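Here is the structure we will look at.
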Amino acid sequence: MRNKPGNLTKKLFALLLVVLILPVNILRAQNNEGEPPPEQPVEEEEVIQRIESLTEESDEEIDASELMEELEVLRQRPINLNAASAEDLRRIFFLSDIQINNLILHRQRFGNLISLMELQTIDGFTPEVIEQISPYVMVEEAVERRVFKLTDIFERGNSQYFLRYQQLLEEQRGFSSIDPGELEANPNARYPGSPFRLYSRYRFTYYNNISIGITAEKDPGEEFFRGSQTQGFDYYSAHFYLRDVGRIKSLAMGDYQVQFGQGLTLWSGLAFGKSSEAVNVKKNGLGLRPYTSVDENNFMRGAGTAVRLGALELTAFYSNKYRDANVLETDTISQEALVITSLQQTGLHRTPRELENKNSVQEKFMGSNLTWRRQNLQVGVTGYYMELGAEFQRNLSFYNQFDLNKQTNWATGLDYNYIYRNFNIFGEFATSESGGYALLNGVMMSLDPRLSMSVVHRKFTPDYQSLLSVAFSENTRVSNENGLYIGINSRLSREWSINAYADHFSFPWMKFRTYTPSRGYDYLAQVNYRPEREIEMYARYRIKNKPLNAPEDATIRFLEDVVRQNIRLHISYLVSPSFTFKNRVEWIDFRHGSNHQQGFLIYQDVAYRNFASPWAITARYAIFDTDGFDSRIYAYENDVLYAFSFPFYSDKGHRAYIVARYRVNRNIDLQARLAHTIYTNRHEIGSGLDLTEGNSRTEIKAQMRLRF
């Protein structure tokens with residue numbers, strides 16, 4: 001039954017009262033004067049632009065919470081530039097290997113830095129770069145030696161606990177009432193669980209040397225401590241991570257990630273591709289890393305370790321876990337999957353049909369990496385073997401006949417990284433059991449203090465097969481692609497700079513919705529203007545052509561250009577010490593044969609932050625008007641700490657949200673987010689069981705963080 005507007009309003013105010021006012025009154029007595037100001041979440045413009053680009057290029061949901069958390073951890077525990085290794089500095093992904101190498105050479109020649117401003121004497125460290133990295137670094141003469149004693153670990157370690165609640169207030173079809181007889185005849189017609197999402201996480205960190213954490217999540221529609229989920233949450237994740245202890249570079253137990261080379265052979269987790277930061281295209285594989293995300297499939301579960309042996313570094317890992325898959329045939333006695341047709345990514349386990357596929361196939365990974373480092377040269381060899389607990393039989397067609405379609409697979413790769421003066425040359429070659437290969441070579445150049453450039457060439461054969469590969473590419477998978485990318489960054493003056501890239505790519509075999517070989521291009525140019533520290537603005541133009549099949553009613557099948565053009569104007573300015581405004585106007589033009597769509601988005605952001613106040617508030621009002629889904633526009637939205645929101649704006653309407661953060665004391669802060677969208681050309685939103693009647697949607701999110 002549809003909720004009435006009055007009921008929604010009452011429910012909304014009741015929830016806000018519980019989330020914000022009552023806890024504040026209960027805990028206010030614990031607050032002490034003179035405490036440090038409330039922490040602010042990471043909102044680096046470069047981070048936002050990169051995530052926006054990544055989301056626009058992917059059809060899958062992107063979880064950038066780990067990236068945001070990593071930068072927040074660096075804010076709390078800044079890296080000492082006088083003691084940091086190259087690997088430490090690579091955690092700050094704003095820095096290139098050329099800048100990192102120049103910093104280390106400067107320390108070797110002239111000794112430790114005296115202050116952060118001394119970085120201006122090092123090639124590649126402009127005032128803008130120094131300002132950008134300043135929240136994450138510090139300069140201390142004394143290099144503190146870690147003492148791995150229990151007393152010191154407990155005294156200096158940090159514990160954080162998060163509890164997050166999220167719900168869509170309008171009733172979706174999957175949660176509406178239904179006749180019991182109809183539900184018995186079709187058990188998949190409704191969600192048996194409650195409509196809220198619940199997230200809980202505890203993490204203990206000791207500098208960047210120890211991390212211990214437990215994460216749990218329940219999605220809307222999944223049951224909670226009843227029915228199919230008697231253990232409570234649908235998803236649990238735990239990790240133990242140790243770093244830089246004697247010869248042990250890293251030790252990971254439980255859930256972890258593995259990242260090597262340029263991502264051709266083995267890379268799990270988030271990785272950036274093309275973005276307005278046109279020159280920073282190189283990946284820096286950090287080896288073993290703790291896993292804290294809620295992606296329920298793309299991670300390792302088991303153990304891995306990396307040890308130093310002089311100039312050599314040896315990493316070995318093993319993973320054994322169950323993951324979701326579409327099951328075609330099961331054993332009639334044990335009910336174990338015998339044949340699967342695909343591996344799932346959603347992590348949703350709501351209806352009986354979805355629950356049938358939960359953890360239905362065993363997935364094993366084992367592998368190693370051997371890396372040799374000497375001065376400015378690094379060479380690594382990676383290999384892994386994968387085995388599934390059931391036969392893998394895809395529904396093959398002409399376009400996907402080279403996809404992995406067997407129970408086992410292996411891949412090996414060779415990667416390199418060399419720095420010569422202001423040139424960083426890098427690349428990787430990988431091959432798989434199928435005989436296919438992937439090749440990527442690139443160079444990043446600092447030609448002048450005011451001009452940088454990068455060139456990347458890649459060639460991935462259609463029959464290269466690796467389930468855990470994330471490389472610099474146009475495709476989401478590392479296969480069936482050739483391409484040449486050129487990017488530049490030019491600082492015309494202290495106020496003006498230009499970022500631009502050109503990427504030409506081709507697909508030598510067919511793809512989904514592309515039944516002949518094809519080629520395309522992607523161009524971007526962005527002009528940045530910063531007249532003073534408090535004002536930043538940029539103008540961007542992007543055009544991309546990626547052909548697809550002509551409509552099916554055509555007599556002869558052929559490809560048609562799919563051209564998407566974007567123009568964006570963005571400005572951020574500080575109007576007072578406490579208020580920051582952001583404005584954006586974006587226009588899009590989409591053309592695919594006779595399908596021509598246009599659209600625009602306009603929004604106004606207002607952010608209030610006063611270090612003398614425990615409150616921090618961010619709000620947005622947006623107006624959007626697009627002709628359909630193909631002309632959708634993505635835009636980053638502020639959210640509660642470590643959460644991530646990146647919706648697309650489609651059709652016609654307006655949207656507003658507000659995020660409020662209140663710091664009760666140094667150990668407790670409360671956050672809430674309210675987002676409301678009204679469509680002027682719809683009478684229902686969504687489809688299937690997620691459909692809601694009416695033209696509006698309202699989402700509320702509340703979070704509590706405890707630190708001790």
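Values quoted throughout were computed directly from the atomic coordinates according to the rules given, and no laboratory measurement underlies them. Computed from a prediction, not measured in an experiment: that's the story for all the values here. Neighbour counts run over all protein chains shown; Cβ positions are idealised from the backbone, glycine included.
Converting phi to 3J(HN,Hα) with the Karplus coefficients 6.51, -1.76 and 1.60 and the offset θ = phi - 60°, the stretch 322-339 yields 9, 9, 6, 7, 7, 8, 9, 8, 10, 6, 5, 9, 7, 6, 7, 5, 9, 9 Hz in sequence order, with x at every glycine or proline. Of interest is the spacing of the C-alpha centroids, which for the stretch 156-184 and the stretch 263-304 amounts to 29 Å. Give the value in nm², to one decimal: projected area of the alpha carbon convex hull of the chain, averaged over all directions. If you wrap the Cα atoms of the chain in a convex hull and average its projections, you get 32.5 nm². The modelled label-to-label distance between residue 245 and residue 476, using points 7 Å beyond Cα along the C-beta direction, is 3.9 nm.
Pairs to check: 249/364; 274/459; 283/544. Give those whose C-alpha atoms are more than 19 Å from each other in this structure. Check vs 19 Å cut-off fails for 249/364; 283/544. What chymotrypsin sites (Phe, Trp or Tyr not before Pro) in the stretch 508-580 are in a loop by DSSP, with at most 15 other Cβ atoms within 10 Å of the Cβ? Counting only loop positions with at most 15 other Cβ atoms within 10 Å, the chymotrypsin sites (Phe, Trp or Tyr not before Pro) in the stretch 508-580 are 512, 558. Under 5 Å between amide hydrogens, built in the peptide plane, is the criterion, and for residue 79 it picks out 137, 138 among residues at least 5 positions away or on other chains. From the square roots a ≥ b ≥ c of the eigenvalues of the alpha-carbon gyration tensor of the stretch 544-670, which class results: rounded (a/c under 1.5), prolate (a/b over b/c), or oblate? Prolate is the answer for the stretch 544-670, as a/c is 1.5 or above and a/b outweighs b/c.
Length gained on full extension, residue 209 to residue 420, computed as 0.36 nm times the residue gap minus the Cα-Cα distance: 72.8 nm.
Net charge of the neighbourhood of residue 495, taken over other residues with C-beta under 10 Å away and scored Lys/Arg +1, Asp/Glu -1, is +2. So if R0 is 30 Å, what FRET efficiency would residue 163 and residue 613 give, r being the distance between their Cβ atoms, rounded to the nearest 0.05? E(calc), rounded to 0.05, equals 0.80.
With both labels modelled 7 Å from their Cα along Cα-to-Cβ, the residue 379 to residue 690 distance reads 4.9 nm. What you get for the stretch 156-263, charging only the Cβ of Lys and Arg (+1) and of Asp and Glu (-1), is a dipole of about 920 debye around the Cα centre.
Within straight-line reach of residue 358, meaning a Cα separation under 18 Å, sit the following lysines at least 8 residues removed in sequence or on another chain: 218, 321. Listed from fewest to most Cβ neighbours within 10 Å, the set 510, 444, 138 follows the order 138, 510, 444. Charge dipole of the chain (Cα centre as origin; +1 on each Lys and Arg Cβ, -1 on each Asp and Glu Cβ, all else neutral): 1320 debye, rounded to the nearest 20. What separates the Cα centres of the stretch 544-582 and the stretch 630-695 is a distance of 21 Å.
Three principal axis extents of the stretch 133-233 based on alpha-carbon atoms, in descending order, are 74, 31, 16 Å. Considering only 183, 667, 224, the residue lying farthest towards the positive end of the dipole of the chain is 667, judged by Cα position with unit charges set on Cβ. What are the residues whose amide H is under 5 Å from the amide H of residue 596, where those residues sit 5 or more places off or on another chain and H is modelled from the backbone? Amide H neighbours of residue 596, under 5 Å, 5+ apart: none. DSSP assigns beta bridges within the chain; of those with both partners inside it, close to 100 percent run antiparallel. Here the gap between residue 656 and residue 312, fully extended at 0.36 nm per residue and compared with their Cα-Cα distance, gives a gain of 118.5 nm. Neighbour counts of other Cβ atoms within 10 Å put 368, 631 in the fewest-to-most order 368, 631. What the Cβ-Cβ distance of residue 447 and residue 342 gives, at R0 = 56 Å and to the nearest 0.05, is a FRET efficiency of 0.75. Relative protection proxy for 491-499, 475-483, from highest mean packing down: 475-483, 491-499 (other beta-carbon atoms within 10 angstrom). In plain terms, the C-alpha convex hull of the stretch 551-625 casts an average shadow of 7.2 nm² when viewed from every direction. A straight chain from residue 152 to residue 529 at 0.36 nm per residue would run longer than the Cα-Cα distance by 131.0 nm. Helical runs assigned H by DSSP (4 residues or longer) give the chain a calculated mean residue ellipticity at 222 nm of -3500 deg cm²/dmol, each run adding -39500 (n - 2.57) before division by the residue total. If R0 is taken as 30 Å, the Cβ-Cβ distance between residue 138 and residue 236 corresponds to a FRET efficiency of 0.25. A dipole drawn for the stretch 522-605 from +1 and -1 charges on Cβ atoms has a positive end, and of 550, 535, 598 the residue lying farthest that way is 535.
Summing Lys and Arg as +1 and Asp and Glu as -1 over all other residues whose Cβ lies under 11 Å from the Cβ of residue 592 gives a net charge of +1. With the convex hull drawn around the C-alpha atoms of the stretch 278-422, the volume per residue stands at 169 Å³. What the phi angles of the stretch 589-602 give under the Karplus curve with 6.51, -1.76 and 1.60, with θ = phi - 60°, is a coupling list of 10, 10, 9, 9, x, 7, 7, 10, 10, 9, x, 8, 9, 10 Hz, glycine and proline written as x. Net charge of the neighbourhood of residue 406, taken over other residues with C-beta under 12 Å away and scored Lys/Arg +1, Asp/Glu -1, is -3. Remark: the Cα gyration tensor places the stretch 425-573 in the oblate category, a/c being 1.5 or greater and a/b not exceeding b/c. Ordered by the number of other Cβ atoms lying within 10 Å of each residue's own Cβ, fewest first, 617, 133, 178 fall into the sequence 178, 617, 133.
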